[in-house]
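The values are calculated or read from the model by the stated rules, or taken from the named source; none is laboratory data. Because the structure is a prediction, the values reported are computed rather than measured. A quick note on method: Cβ atoms are made from the backbone with ideal geometry, for glycine too, and the neighbour counts reach across all protein chains shown.
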Amino acid sequence: MSLLISFSILALNTTIVPAANAVKKYLQIIKGTWAEYMEYRLSFVLWRVRMVMQLLVAYFLWSAIFTDKQQLFGYTQSMMLTYVLFVNVVRTIVGGTRTQDIGTMIQSGALSNYLIRPLNFFRFAISRDIGDKTLNAFCAMGEFFLLFVLFRPEFYLQTNITTIGASIIALFLSVIMFFEFSLLLSFLGFWTNEIWAPRFISFVLMEFLGGVLFPLDILPKALFSLAQALPFGYFIYFPIKVYLGQLSTPDMIGGFSISAFWAVFFWYLVHVTWIRGLRAYTAEGK
Amino acid sequence: MRRLEYRFDFFLNVLRGLSWMFIGILGFTIIFGQANTIAGWSKHEALLLYGLFVFISELWYTFFFLNITNIPKYVQYGQFDNLILLPLSLQFLVSLKEVLPFALPNALFAMFIIVTQYTALGKSMEIGSLLVTALLIVNGLAILYSIMFVIATLSFWFIRLHALWEVYQTITEGARYPVDLFKDPLHFIFIFIIPLAVIFTFPAQFLVKGLSWQLVITSFLVGIISFVIAHKFFYFGIKHYNSASS
């Protein structure tokens, strides 16, 4: 009996307690991210205002284009406006990240502070992002409902449970993919000072080939095929399309496979560049 | 090494400008592939407005962007003291301290867009109207400058004003489209509160669709008033800065 008790205590001490401590540790990081935002309230509010402005501009633009049309590129006005409203939410959840700070951390040498701390750097980055995404998602939902109430667009509500489930999975894949992709962009900082330029170019590509400005399937065939081959389309466009239920089953399966491929491929690249990058970083004596 | 950096930055900026313009034009082409007019503007008219928007933006980047976004830093680190001693107008010094020639090629590309769209519309080149348009563009730039300058002046009181670049992006978010595209409340905001209409739409409208002379006069009035406000507010801020640091 006493053996059982001591064994249980040992098991607890080696598994549950450290796990609970780890969770507490990373929970602190999440809360810390929220606190950071509260400090830079103005920047945060401005950023949200800008997202709303972009959303409104897209909304008005498409409304104007649809004034005398019922259908365009296979979309009705309500479908298109639904797409536009969702872009804001998806973009915020997928794109809300603090991984760009990592690039600056590497360049300034501040990365060293994090390396010597008793935390797994990736779990640290993920926790920061969870903090970031939860706060931003909250705001994006609020904006979504506010605009929905103000403009009362004919909104497309998905009722099929499996489709909703599939879109959540697609969204989850997008979050992972983008997180890894952003990490890769930051890791460039291990080898070069110009980390702003590639990130900027990726923004441009995201806007255009990611489905932010418009749904990708309105592009002419050649461009659409290109967009499907690149990962950008799976950050924003694919999850929304799944939600709208406009994809045939083979298209959905194809899309999920490609998303999964990019998620795994990027993870592999992250792993490799992190190891090589750290070697270069420590070699410089930081 | 610095010269290489300079050239690289230059190249990057041109790349930035070109890629934005390319996407913008592509976007308009796709949109107008489906409709002949959007909010009463034809494809060439809308593209001309877009070219004008880029042109004014790139001029802003060249002359004022760095300087105005630096004002909060000057306040925070007390760097006005050196400038105040100089015999030139402080506002002039602060506003034009550093000029970024990187954006000028982009301004030229934008001008190229304006010219090609104007000729595509088949309008005649009247010196008078071209002159008024040029004045309206300068007027628009002055209003834009004044708005950003007033916001930057706020840093005298709210020292940690970081996101001026964000403010600029936010303000000009809807600027590339004719103001008639928007319905209220945005329509109202873009005419009376943040006069994007006066800065961007009116010069383009004057050139291609015609603008009533009342609106032209109003535009210049808005320009003068905003510049005076920016000027007075800045020196009011300097007084506060002086009294705070002594």
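If you go through the range A:158-178 and keep only what is in a helix (DSSP H, G or I) and over 15 Å from residue A:233 (Cα atoms), you end up with A:161, A:162, A:163, A:164, A:165, A:166, A:168, A:169. Scanning the range B:5-63 for residues that are touching a strand residue (DSSP E or B) at 6+ places or on another chain (Cβ under 8 Å) and away from every other protein chain (no Cβ under 13 Å) yields one hit, B:49. Being more than 23 Å from residue B:77 (Cβ to Cβ), surrounded by fewer than 20 Cβ atoms within 10 Å (Cβ to Cβ) and within 14 Å of another protein chain (Cβ to nearest Cβ) holds for only one residue in B:171, B:189, B:229, and it is B:189. Taking the conditions exactly as written (among the aliphatic types (A, V, I, L, M), assigned to a helix (DSSP H, G or I) and farther than 30 Å from residue A:151 by Cβ), does residue B:225 satisfy them or not? It is true that residue B:225 is among the aliphatic types (A, V, I, L, M), assigned to a helix (DSSP H, G or I) and farther than 30 Å from residue A:151 by Cβ. When residue A:51 is tested against (1) buried (at least 19 other Cβ atoms within 10 Å of the Cβ); (2) over 30 Å from residue A:208 (Cα atoms); (3) within 14 Å of another protein chain (Cβ to nearest Cβ); (4) of a type in the set (A, V, I, L, M), exactly one condition is not met: (2). Checked against (1) at pLDDT 85 or above; (2) out of contact with any Ser or Thr (no Cβ under 6 Å at 6 or more places or on another chain), residue B:226 meets all criteria but (2).
On the basis of being within 14 Å of chain B (Cβ to nearest Cβ) and either among the acidic types (Asp, Glu) or under 20 Å from the mean Cα position of the chain (by Cα) (or both), does residue A:45 make the cut?
Judged against the criteria, residue A:45 is a match.
Considering the range A:1-103, the qualifying helices (runs of 4 or more DSSP H), each wholly inside and each with 1 or more residues that are touching a Lys or Arg at 6+ places or on another chain (Cβ under 9 Å), run over A:17-39, A:41-65, A:77-95.
The rows are residues; the columns are (1) surrounded by 14 or more Cβ atoms within 10 Å (Cβ to Cβ); (2) in contact with a Cys (Cβ under 8 Å, 6 or more places away or on another chain); (3) closer than 21 Å to residue A:34 by Cα.
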{"residue": "A:72", "(1), (2), (3)": "yes, no, no"}
{"residue": "A:79", "(1), (2), (3)": "yes, no, no"}
{"residue": "A:123", "(1), (2), (3)": "no, no, yes"}
{"residue": "A:128", "(1), (2), (3)": "yes, no, yes"}
{"residue": "A:139", "(1), (2), (3)": "yes, no, yes"}
{"residue": "A:149", "(1), (2), (3)": "no, no, no"}
{"residue": "A:173", "(1), (2), (3)": "yes, no, no"}
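When the range A:193-208 is filtered for residues that are more than 10 Å from chain B (Cβ to nearest Cβ) and crowded, with 21+ Cβ neighbours inside 10 Å, the ones remaining, listed by number, are A:195, A:206. Scanning the range A:179-225 for residues that are in a loop (DSSP other than H, G, I, E, B) and either over 18 Å from the mean Cα position of the chain (by Cα) or of a type in the set (Phe, Trp, Tyr) (or both) turns up A:191, A:192, A:193, A:194, A:195, A:214, A:219, A:220. Applying the criterion of being exposed (fewer than 15 other Cβ atoms within 10 Å of the Cβ) and outside any loop (DSSP other than H, G, I, E, B) to the residues of the range B:236-246, the residue that is modelled with the highest pLDDT is B:236. Kindly evaluate residue B:209 against the criterion of being among the basic types (Lys, Arg), away from every other protein chain (no Cβ under 14 Å) and in contact with a helix residue (DSSP H, G or I) (Cβ under 9 Å, 6 or more places away or on another chain). Judged against the criteria, residue B:209 is a match.
Report yes if residue B:144 is crowded, with 17+ Cβ neighbours inside 10 Å and under 19 Å from the mean Cα position of the chain (by Cα), otherwise no. Yes, satisfied. Restricting the range B:11-67 to residues that are of a type in the set (D, E, K, R) and under 18 Å from the mean Cα position of the chain (by Cα), which is surrounded by the fewest Cβ atoms within 10 Å (Cβ to Cβ)? The residue in question is B:16. Give the residues of the range B:142-167 that are in contact with a helix residue (DSSP H, G or I) (Cβ under 6 Å, 6 or more places away or on another chain), more than 14 Å from chain A (Cβ to nearest Cβ) and either within 19 Å of residue B:198 (Cα to Cα) or modelled with pLDDT under 85 (or both), sorted by residue number. If the condition is that a residue be in contact with a helix residue (DSSP H, G or I) (Cβ under 6 Å, 6 or more places away or on another chain), more than 14 Å from chain A (Cβ to nearest Cβ) and either within 19 Å of residue B:198 (Cα to Cα) or modelled with pLDDT under 85 (or both), then B:142, B:143, B:144, B:145, B:146, B:149, B:150, B:156 are the ones that fit.
Residue B:139 meets the conditions (1) crowded, with 20+ Cβ neighbours inside 10 Å; (2) out of contact with any His (no Cβ under 8 Å at 6 or more places or on another chain); (3) more than 10 Å from chain A (Cβ to nearest Cβ); (4) within 30 Å of residue A:63 (Cβ to Cβ) in every case but one. The failed one is (4).
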